[in-house]
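Notes to accompany the following structure.
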Amino acid sequence: MAKGRVQVVYDEAEPLREIRQALEREFFHVRAATGGDVGIAAILSEPPEAVILGNTRGMDGLEICRRLRSDVRTSGLPILLVTSGGTNDRVAALEAGADDSLARPFGLRELVARLKAILLRSSVRPPPEELLQAGDLVIDIGRHVVTFRGRPLSLTMAEFSILRFMATRPGRVLKRAEIIQEALGKNTDGLSRTIDVHMAAIRRKLGRNANFITTVRGVGYKIAETLSAVSGDR
């Protein structure tokens, strides 16, 4: 039975073939790319369960790793980075965001073992209610952290509560009274415009992506299911 999809980005044909064979013997489904840009595009279009990165022509593994970590869609993706060896390379791999690194030359059994280890660690995730996502907006309830496209937002408690409430209902039009009652725990008397003030502040902090939250005239607000539905600036 297949254990999951692994994307390998490596431009040396023989090691790439050996890595693929070793993983397939362990029932992983392997996708391969020999170029950095091609590999990143493949990962973003269909995120795998894990990634193995090496150097490619025009882009080294460290840069690929940094790009994946900077994108909210792949920021938590388990990454094993193949390096040339040495303490400095291992440190650089960790600083780039890799979960683990493996120095060349390496044994295939060790590569598979390290991959399984980072997959096991990544399987211990917060409960679903602790990590909410609507498009490129990610809300970590336990840590009280909100990021948009990987950029942390500085929110007040009220703003955080509003975004948390809306993120669980992406694409749905929410009435002002509903947001006040459910997100802020208050009666709606005299507060219908207070929510407008909070929304203005949230949009200001979203910057040029403020249209991720839209106003439905005479009703309330709606948070987009995906950013592409409201913005083409990615």
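The values are calculated or read from the model by the stated rules, or taken from the named source; none is laboratory data. Computed from a predicted structure; not experimentally measured. Glycine also receives a Cβ, built like all others from the backbone with ideal geometry; neighbour counts cover every protein chain displayed.
Things worth noting here:
- Residues satisfying the stated conditions in region 66-100, i.e. touching a helix residue (DSSP H, G or I) at 6+ places or on another chain (Cβ under 8 Å), at pLDDT 80 or above and more than 17 Å from Arg114 (Cα to Cα): Arg66, Arg67, Leu68, Arg69, Asp71, Thr74, Ala92, Ala96
- Residue within region 154-163 that is in a helix (DSSP H, G or I), closer than 18 Å to Gly218 by Cβ and modelled with pLDDT under 85 present: no
- Selected residue [in the same structural domain as Thr74 (by TED's automatic domain parsing) and either under 25 Å from Ser70 (Cβ atoms) or modelled with pLDDT of 75 or more (or both)] from Lys116, Lys222: Lys116
- First in region 1-21 and within 12 Å of Thr56 (Cβ to Cβ), second anywhere and loosely packed, with under 13 Cβ neighbours inside 10 Å and of a type in the set (D, E, K, R), Cβ under 9 Å, 6 or more apart: Asp11/Arg57
- Among residues of region 196-210 that are in the same structural domain as Asp136 (by TED's automatic domain parsing), those with a beta-carbon under 6 Å from a residue that is charged (D, E, K, R) and modelled with pLDDT of 85 or more at least six positions away or on a different chain give the pairs Ala210/Arg203.
- Scanning region 51-79 for residues that are in contact (Cβ under 8 Å) with a residue 40 or more places away in the chain and among the hydroxyl-bearing types (Ser, Thr, Tyr) turns up Thr56, Ser70, Ser75.
- Against the criterion of being among the hydroxyl-bearing types (Ser, Thr, Tyr), closer than 20 Å to Ser75 by Cβ and out of contact with any Cys (no Cβ under 8 Å at 6 or more places or on another chain), Thr156 does not qualify.
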